[in-house]
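The values are calculated or read from the model by the stated rules, or taken from the named source; none is laboratory data. Being a predicted model, the structure only gives us computed values, none of them experimental. All Cβ positions, even for glycine, are placed from backbone atoms using ideal geometry, and neighbour counts span all protein chains on display. Ligands, DNA and RNA are stripped out before the accessible areas are found, and what is left, the full protein with its side chains, is counted by its heavy atoms. Shrake-Rupley method; radii C 1.70, N 1.55, O 1.52, S 1.80 Å.
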Amino acid sequence: MRNAYEWRRLLLLLSLVVSLDMGGCAGVGALPFGDPSWKEEVLLHNGSKIVVERSQSYGGRHEPGQSSPIKEQTVTFTLPNTSTTLEFKSEYGEAIGRANFQLISLHIFHGIPYIVTVPNLCPSYIKWGRPNPPYVLFRYDSTAWQRIPLEELPSEFKDINLVVNSKGKEKILTAQSVVTAELVKKLNGELEQPEFKTILRMPILDNGIGMTSCPIPSGATGKLIAPEVDGKLLYYNWWPLAQEWFQRTYGKGK
C-alpha cells in the first residue's frame, strides 16, 4: 500500500500535468473556447479609414445538430481626432432567440457616428417594424444610440463596410492582425442580397426570398395584424409611419 507521502507526491504530479495541459490549450486559437474578437479596417465615405474592434458570442435557440447562432455582437471604435470611444452592441432578443441585428455598416459624418444594421430573421424583422429597405438605423446623439428613419441617414453613405456574415468566417477574421477594407469587400462580395451590395434608398420588391417576404402575423380570424393608413393596409415601415399603432401592438416604437 502507498504511504501518505507517496499519495501526496502522486497528487502533485497529476495537478502539474493538468495545469500544463490547460496552459497549452489556452494558446491554441483554433479551439472552440471563448468568444472570437478581431480588428477590422473600416473605409468611410470620405475615403479615410479607421480600425474598429469587433467581437461576438454564441448562444440562443437552434435546431438539433445545428451550431449556436450569434447571441451578441459588438463593435467598438474611437471617433477620429478625438479620445472618445464608443460601443454599439447587438443584444440578445429573447423572442428572437439570438442577436437582434446583423451589423453591416459604420459611418461618420461631421463627427457623428451612424450604424446600419439588418434584422436577424423574420421575428426580428417584425419586431422592428418591417423596414423596407430592410435596415434598422442608429445615430449616436451625445449620450446614447437612437433609432432614426432612413431619411435622416446622410446620402453620402453608400458602402457596406463591415463584414456581414462573420459567423463561419471566424478563422479567417481572427487570423489577421487587422482585417483590411479590401478583405471586407471581398468577403461581402460573396453575398447576393441587394441590401448587402450598397445602402439602398428605395424599397425592395417582395420577390419571395428576401427579408421583405417575411409573412405578417395574423389573428385568430386570419386577419393580418398590420396597421392601416388612409384606409389601406400598411405592409412595411410600421416604424415610423404607424408609430403609435406599432408601440401599442408590438411594444416597440423607437
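Under 5 Å between amide hydrogens, built in the peptide plane, is the criterion, and for V136 it picks out T117, V118 among residues at least 5 positions away or on other chains. Taken along the Cα-to-beta-carbon direction at a fixed 7 Å, the label points for K185 and E53 span 2.8 nm.
Residue separation of R201 and R248 scaled by 0.36 nm, minus their Cα-Cα distance, works out to 14.1 nm of gained length. Here the label points at L241 and K171, each 7 Å from Cα along the C-beta direction, are separated by 4.5 nm in the simple model. Over all other residues within a Cβ to Cβ distance under 14 Å of E41, the charged ones net out to +1, with Lys and Arg as +1 and Asp and Glu as -1. Model label sites at S67 and S37, defined 7 Å from Cα along the beta-carbon direction, differ in position by 2.0 nm.
Computed over the chain with a Gaussian network model linking Cα atoms closer than 10 Å, the most mobile of L224, L241, L173 is L224. Dividing the helix sum by the residues of the chain, where each DSSP H run of 4 or more adds -39500 (n - 2.57), gives a mean residue ellipticity at 222 nm of -6000 deg cm²/dmol. Charge tally around G111: other residues with Cβ under 15 Å, Lys/Arg +1 each, Asp/Glu -1 each, net -1.
Other residues lying with their Cβ under 14 Å from the Cβ of P203 contribute a combined charge of -1, Lys and Arg counting +1, Asp and Glu -1.
Taking 0.36 nm per residue of sequence separation and removing the Cα-Cα distance, the E228/L86 pair yields an extension gain of 47.3 nm. A 1.4 Å probe run over the protein chains yields, for segment 52-211, 49 Å² of accessible area per residue, whole-number rounding. Comparing Y250, Y235, W145 along the charge dipole axis of the chain, the residue lying farthest to the positive side is Y250, per the Cβ-charge model.
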